[in-house]
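Each remark here refers to the structure printed beneath this line.
Nothing in this text is a laboratory measurement; each read-out follows from the coordinates by a stated rule. Worth saying up front: this structure is predicted, and the values here are computed from it rather than measured. Heads up, the Cβs are rebuilt from the backbone with ideal geometry, glycines too, and the neighbour counts pull from every protein chain shown.
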Amino acid sequence: MTTANQITLARILLVPIFMALLMFRSPITDWMCTAIFVVAAATDSVDGYVARKQNQVTNFGKFVDPLADKLLITAALVGFVQLNKLDAWIATLIIAREFIVTSLRLVAVSEGKIIAASSWGKVKTVSQIVAIISLLFDRIFLLEYAGLYLSTVFVMIALILTVVSGWMYVASNWKLLEFK
């Protein structure tokens, strides 16, 4: 197994640890949970870099890497809904976008086409990670400005970028969805 794939699998293994720590409230678990999420999120860039640098791009990696990303983000969103720190409709929209784009990519592959990650998709991912980190930081110290939690601002930015990037994927690949 390549180093890049090992890094990706480590990210997947961090998800249940992250979730377990998220559900327990104490100063130490809040810090540990935040640190694990940051490390797991950072491995997304690391595994891609290692795969390209060491010529370790594999079909397994192409499959597992986006899965690991979606597991981490989805787990965090569901966890925050469970803790009443995030509205379910927001988590649902973000998760639905992932299902829609993934399904669209599957349709494209069945037609012999590849839908590459766009810059909008990459910005969306970064915004989601920042939003989740801000929600995690709210557990440690409330980041508030003028009566507004900064995590709310970051979540709304992530939501907007998620919807916009999803719309752009669908709009630019609409022809793949033949309606007969």
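Dipole size of the chain about its Cα centre, with +1 on Lys/Arg Cβ and -1 on Asp/Glu Cβ: approximately 400 debye, rounded to the nearest 20. Skipping prolines and chain starts, which residues have an amide H placed within reach, meaning under 5 Å, of the one on residue 149, given they are 5 or more residues away or on another chain? Those qualifying (amide H under 5 Å, at least 5 residues apart or on another chain) number zero. Projecting the Cα atoms of 101, 151, 127 onto the charge dipole of the range 93-160, computed from C-beta unit charges around the Cα centre, puts 101 farthest toward the positive end.
Among 178, 98, 111, sorting on how many other beta-carbon atoms sit within 10 Å of each Cβ, with the fewest leading, yields 178, 111, 98. The value of relative contact order for the chain, using C-alpha pairs under 8 Å at least six residues apart, is 24 percent.
Enumerate the helices in the chain for which the Kyte-Doolittle hydropathy averages 1.0 or more and the C-alpha atoms extend at least 18 Å along the helix's axis, using complete DSSP H runs. Sorted by number, the helices that extend far enough and score high enough are 3-23, 88-110, 150-172. Restricting attention to the chain, lysine pairs at least eight places apart or on different chains and with alpha-carbon atoms under 21 angstrom apart total 13. Of the Cα atoms belonging to the range 3-176, the radius of gyration and Dmax stand at 16.7, 52 Å. If you sort the three axes of the alpha carbon gyration tensor as a ≥ b ≥ c, you get a/c of 1.5 or more for the range 57-141 and a/b above b/c, which makes it prolate.
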